[in-house]
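The values are calculated or read from the model by the stated rules, or taken from the named source; none is laboratory data. Everything numeric in this text was worked out from a predicted model, so none of it was measured. Backbone-built Cβ (ideal geometry, glycine too); neighbour counts: all protein chains shown.
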Amino acid sequence: MNRNLKTALAVAGVATMGVAVYSQFQRRKYSGFKFKRSIIIDRPAKELYRFWRDVRNLPLLVEALQSVEPLNEIRTRWTMSSAAGLPITWEAELTSDRNDEMIGWRSVDGSVVETAGYVRFLPTVGGRGTLVRVALEYYPPAGYLGAGVTALFGRSPVFMVEQALRQFKQLFETGEIARAETRAEHPFAPVEKEFPGSVPSY
Amino acid sequence: MRTVQWMGKHHVEVTNAPDPEIVNPHDAIVRVTLTAICGSDLHLYNGFIPTMKKGDVLGHEFMGEVVETGTAVHNLNRGDRVVVPFTIACGRCFFCKKDLWSLCDNTNPNAWMADMLYGESGSALFGYSHIYGGFSGGQAEYVRVPFADVGPIKVPENLSDEKVLFLSDIFPTAYMAAENCQIRGGDTVAVWGCGPVGLLAIKSAFMLGAGRVIAIDEIPERLQKAAQLGAEPIDFSFMDVLEVLKEWTGSRGPDSCIDAVGMEAHGWTPGAIYDRAKQSLMLETDRPNVLRQAIMCCRKGGVVSVPGVYGGLIDKFPIGAAFAKGLTLRMGQTHVHRFLKPLLERIESSEIDPSFVITHRMTLAEAERGYKIFQEKQDDCIKVVMTP
C-alpha cells in the first residue's frame with residue numbers, strides 16, 4: 001500500500017470514529033429533558049384528581065394552552081399557542097389512571113412535540129392537604145434543537161408547570177386565580193368554589 | 001381617575017388612569033377618602049426596588065368607601081367605610097390560617113419572580129412593584145381590592161379618617177415590631193428611627209409594658225416628637241450610639257432593639273461609608289448600618305426586632321456577635337390582619353391616636369411635592385397624608 005492510501009485510510013478511520021462518537025454525543029444531548037415539580041394544596045386528593053382527570057379543565061391552569069379535547073376514552077388533542085402565533089397541536093394517550101392517585105400520559109408517535117408525564121396526588125405528612133407532583137419528559141421538535149421548547153412557546157416547560165401548579169392551588173384553596181389587572185380583560189368565569197366554613201376571621 | 005404614578009427615580013406624576021372594575025369574585029372596589037405616603041414608598045422613589053414600570057400606581061396605605069363588591073363578597077355592602085390592609089391575603093391557605101397573613105401563598109400572580117429572588121413568594125402588596133404582584137396602589141381615587149371578604153375592616157363613623165388610616169400599615173407594623181420584642185414589664189427598648197413607624201413603635205413599646213424607651217435619630221424634630229412620647233433621645237450625628245447605650249444601661253445594653261430604619265440607613269460611621277461605597281459599585285444592595293448597631297448593642301439573650309424594610313443582600317453582618325450573645329432576630333412584613341381588631345379597639349378606647357405622626361396634609365394632586373419633602377425631610381416633614 002502506498003503512503004497516500006495509508007493516509008487516506010487513516011483519515012477515513014479517524015473520521016468514522018469521529019462520526020460515531022459525535023452521533024453518540026448528539027443522541028445523549030437529544031435525550032430529552034426531565035423534571036418534577038410539586039406543590040401542597042389543602043384539598044382532598046379526590047377533588048384535585050377529578051378536576052385534572054377532565055382534561056378540558058387544564059387550559060385554566062396553563063396560559064398558552066388553548067384547548068384539550070377528549071377524542072375518545074384514552075386519546076386527547078392538545079392545542080397550544082406558540083410564540084410565533086400559529087397554534088401547535090398534538091395528540092396524547094392516557095398511559096395510566098389510578099383513581100384519586102395518578103394520571104399518566106404520552107404523546108402519540110409522530111407528534112410534533114414528544115412528551116410524556118404524570119401527575120400524582122399524594123397525602124402529606126401531618127395530613128396538611130395533598131401533595132400534587134407533576135413529572136414531565138419532553139423532546140424539542142426538529143428545528144428547535146438549539147433554541148429549545150422555550151423558543152417555541154415563549155416560556156419554558158418548567159415555568160409552565162410551576163405556574164400551572166400555583167394556579168391549581170389558588171383555584172382550589174380560594175376559588176379564584178390571582179390577577180393584578182384593574183380591568184376584566186380576560187372575562188372568563190373562573191370555576192368558583194366556595195368551600196364551606198373556610199373563611200376565617202381575624 | 002387621578003393616580004400617582006411612578007415614572008422613574010425621584011419622579012412621580014399625577015396622571016389619569018382608567019377606573020378599576022371587579023375582576024375576581026372576591027373583589028371590591030373602594031373609593032379612597034384618605035391615603036398616605038409610606039417610608040417604604042421612598043425606596044421606590046429612590047430607585048432601590050427592582051421590577052418597577054413607568055406608570056405603576058403607587059400607594060399602599062389607604063381607606064375609603066366600598067362602592068362595588070364581587071359576587072363572592074358577603075360581609076361588605078356598598079357604602080361601608082373600611083380601612084384596607086396593605087398586604088393582600090386569601091385567608092384560606094396554610095399561612096393565613098396560621099395568622100401569618102403577609103406570607104399568604106395565593107395572592108401574588110408574579111410569585112415566580114419572588115420565588116427566584118427569595119425562595120418562595122409571600123403575599124402580594126398594593127402598589128409595591130411587580131415582584132409583589134404589580135397591583136395598582138392606593139394613591140388614587142379608586143382601588144380594586146382582592147379578597148375583600150378577608151382584608152378590609154369596617155370602622156365606626158365617630159372615628160375620623162386620620163385616626164384610623166394607619167391601621168392599614170404603619171400602626172400594625174410598629175406594634176408587631178414591639179410585640180416581637182417580647183417585652184417584659186420594665187424592659188428597656190431601643191428604637192432606631194423616629195419616623196412614623198419608629199414613633200408608633202415607641203408608643204407601642206410603652207403600651208406593652210416597657211419601662212424605658214431610648215430613641216435614636218439625627219433629625220431634631222423627630223427626636224423632639226420621640227421625647228414627647230416619653231422616650232430618651234440619642235442624636236447619632238454627634239453621639240456614639242454604642243458607647244451611650246452601653247453607659248445608659250449599666251453596660252448591659254437594651255433588653256430589645258427595634259430597627260425601624262431598614263435598607264437606606266443613614267450615617268457616616270466607617271461601617272456606613274463602607275456600605276455606601278459598596279452600594280454605589282452595586283456590590284451590596286442594602287445598607288445594614290442600623291442592623292449592625294442593633295446587634296452590637298443588644299443585651300445578651302435579647303431580641304433584635306426588624307420591621308425593615310430590607311430587600312437584597314448585605315455585607316459584614318456580625319453573626320459572631322449575634323451568636324456569642326445568644327440573640328433572637330425577629331423580622332418580616334407585617335401580618336396586618338392579625339392586628340386590625342385589637343388595634344382598632346385601642347383607638348376606640350382613646351388609648352392611642354395614631355394621627356399624631358401627621359405633619360402634612362395635601363390633595364392627591366400635590367403628590368409630587370409630598371414625595372419631595374418627605375424624602376428630603378424638609379419643612380419638619382414626618383408623615384404626609386393626601387385626599388384624592
Inset, instruction - Hey, can you tell me all the residues within region B:371-388 that are at pLDDT 95 or above and not in a helix (DSSP H, G or I)? - result: B:381, B:382, B:383, B:384, B:385, B:386, B:387, B:388
Legend entry - Test: residue B:318 is outside the structural domain of residue B:380 (by TED's automatic domain parsing), surrounded by fewer than 20 Cβ atoms within 10 Å (Cβ to Cβ) and touching a Lys or Arg at 6+ places or on another chain (Cβ under 9 Å): yes
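Only one of these is in contact with a Lys or Arg (Cβ under 8 Å, 6 or more places away or on another chain) and not assigned by TED's automatic domain parsing to the domain that holds residue B:180: B:50, B:109, B:85, B:25. Name it. Spell out how you get there, then give the answer.
Values: B:50 fails: in contact with a Lys or Arg (Cβ under 8 Å, 6 or more places away or on another chain); B:85 fails: in contact with a Lys or Arg (Cβ under 8 Å, 6 or more places away or on another chain); B:25 fails: in contact with a Lys or Arg (Cβ under 8 Å, 6 or more places away or on another chain).
Step by step, each of B:50, B:109, B:85, B:25 is checked, and only B:109 is in contact with a Lys or Arg (Cβ under 8 Å, 6 or more places away or on another chain) and not assigned by TED's automatic domain parsing to the domain that holds residue B:180.
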Legend entry - Filter result for residue B:198 (of a type outside the set (A, V, I, L, M, F, W, C), at pLDDT 95 or above and part of a loop (DSSP other than H, G, I, E, B)): no
Legend entry - Answer from B:371, B:310 - the residue that is surrounded by 15 or more Cβ atoms within 10 Å (Cβ to Cβ) and in contact with a strand residue (DSSP E or B) (Cβ under 6 Å, 6 or more places away or on another chain): B:371
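Can you name every one of the strands (runs of 3 or more DSSP E) wholly within region B:1-101 that holds 2 or more residues which are more than 9 Å from chain A (Cβ to nearest Cβ) and closer than 25 Å to residue B:164 by Cα?
Working: elements: B:2-8, B:11-16, B:28-36, B:61-69, B:81-84.
In region B:1-101, the matching strands (runs of 3 or more DSSP E) lie at B:2-8, B:28-36, B:61-69, B:81-84.
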Inset, instruction - Report whether or not residue B:275 is among the charged types (D, E, K, R) and buried (at least 21 other Cβ atoms within 10 Å of the Cβ). - result: yes
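Just one of A:112, A:149, A:132, A:161 is loosely packed, with under 14 Cβ neighbours inside 10 Å and hydrophobic (A, V, I, L, M, F, W, C); which is it?
Numbers: A:149 fails: loosely packed, with under 14 Cβ neighbours inside 10 Å; A:132 fails: loosely packed, with under 14 Cβ neighbours inside 10 Å; A:161 fails: loosely packed, with under 14 Cβ neighbours inside 10 Å.
Within the list A:112, A:149, A:132, A:161, the selection yields A:112.
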Inset, instruction - Considering only region B:127-136, state which residues are facing another protein chain (nearest Cβ under 10 Å) and either buried (at least 24 other Cβ atoms within 10 Å of the Cβ) or assigned to a loop (DSSP other than H, G, I, E, B) (or both). - result: B:132, B:133, B:134, B:135, B:136
Inset, instruction - May I ask you to list pairs of residues, at least six apart or on different chains, whose Cβ atoms are under 9 Å apart, with the first in region B:358-369 being assigned by TED's automatic domain parsing to the domain that holds residue B:142 and in contact (Cβ under 8 Å) with a residue 40 or more places away in the chain and the second being of a type in the set (Asp, Glu) and in a strand (DSSP E or B)? - result: B:367/B:13; B:368/B:13
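Within region B:234-251, which residues are acidic (Asp, Glu), farther than 15 Å from residue B:299 by Cβ and loosely packed, with under 12 Cβ neighbours inside 10 Å?
Keep residues of region B:234-251 that are acidic (Asp, Glu), which gives B:235, B:240, B:243, B:247.
Narrowing the set further to residues that are farther than 15 Å from residue B:299 by Cβ leaves B:235, B:240, B:243.
Residue satisfying the conditions is B:243 alone.
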Legend entry - Within region B:261-343, helices (runs of 4 or more DSSP H) holding 1 or more residues that are modelled with pLDDT of 95 or more and of a type outside the set (Asp, Glu): B:289-297, B:319-324
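Determine, yes or no, whether residue B:336 is within 30 Å of residue B:292 (Cβ to Cβ) and either within 14 Å of chain A (Cβ to nearest Cβ) or surrounded by fewer than 15 Cβ atoms within 10 Å (Cβ to Cβ) (or both). Reasoning before the result, please.
On the way: within 30 Å of residue B:292 (Cβ to Cβ): yes; either within 14 Å of chain A (Cβ to nearest Cβ) or surrounded by fewer than 15 Cβ atoms within 10 Å (Cβ to Cβ) (or both): yes.
It is true that residue B:336 is within 30 Å of residue B:292 (Cβ to Cβ) and either within 14 Å of chain A (Cβ to nearest Cβ) or surrounded by fewer than 15 Cβ atoms within 10 Å (Cβ to Cβ) (or both).
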Inset, instruction - Output the residue which, of all residues in region B:60-104 that are within 16 Å of residue B:333 (Cα to Cα) and free of Cβ contacts under 8 Å to residues at least 40 places away in the same chain, is surrounded by the most Cβ atoms within 10 Å (Cβ to Cβ). - result: B:104
Legend entry - Count - residues of region B:196-217 that are within 17 Å of the chain's Cα centre (by Cα) and surrounded by fewer than 24 Cβ atoms within 10 Å (Cβ to Cβ): 0
Inset, instruction - Might you let me know whether region B:226-233 holds any residue that is surrounded by fewer than 24 Cβ atoms within 10 Å (Cβ to Cβ), more than 25 Å from residue B:374 (Cβ to Cβ) and in contact (Cβ under 8 Å) with a residue 12 or more places away in the chain? - result: yes
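Residues checked against (1) closer than 20 Å to residue B:170 by Cα; (2) assigned to a loop (DSSP other than H, G, I, E, B):
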{"residue": "B:225", "(1), (2)": "yes, no"}
{"residue": "B:238", "(1), (2)": "no, yes"}
{"residue": "B:245", "(1), (2)": "no, no"}
{"residue": "B:250", "(1), (2)": "no, yes"}
Legend entry - Conditions (1) under 25 Å from residue B:44 (Cα atoms); (2) in contact with a helix residue (DSSP H, G or I) (Cβ under 6 Å, 6 or more places away or on another chain): number failed by residue B:233: (1)
Legend entry - Any pair with Cβ under 9 angstrom, 6 or more apart, that starts in region B:298-320 at a residue that is without any contact (Cβ under 8 Å) to a residue 24 or more places away in the chain and ends at one that is not charged (D, E, K, R): B:319/B:295
Inset, instruction - Report the residue count in region B:355-370 for those that are over 26 Å from residue B:203 (Cβ atoms) and either within 16 Å of the chain's Cα centre (by Cα) or not in a helix (DSSP H, G or I) (or both). - result: 1
Inset, instruction - Considering only region B:137-156, state which residues are surrounded by fewer than 24 Cβ atoms within 10 Å (Cβ to Cβ) and within 11 Å of chain A (Cβ to nearest Cβ). - result: B:149, B:153
Inset, instruction - Would you check which residues across region B:105-121 are facing another protein chain (nearest Cβ under 10 Å) and in contact (Cβ under 8 Å) with a residue 24 or more places away in the chain and list them? - result: B:107, B:108, B:109, B:110
Legend entry - Failed item in (1) within 11 Å of chain A (Cβ to nearest Cβ); (2) surrounded by fewer than 20 Cβ atoms within 10 Å (Cβ to Cβ); (3) of a type in the set (A, V, I, L, M, F, W, C), with residue B:124 passing the rest: (2)
Inset, instruction - Would you please name the residue that is surrounded by the most Cβ atoms within 10 Å (Cβ to Cβ), looking only at residues in region B:157-174 that are in contact (Cβ under 8 Å) with a residue 60 or more places away in the chain and not in a helix (DSSP H, G or I)? - result: B:169
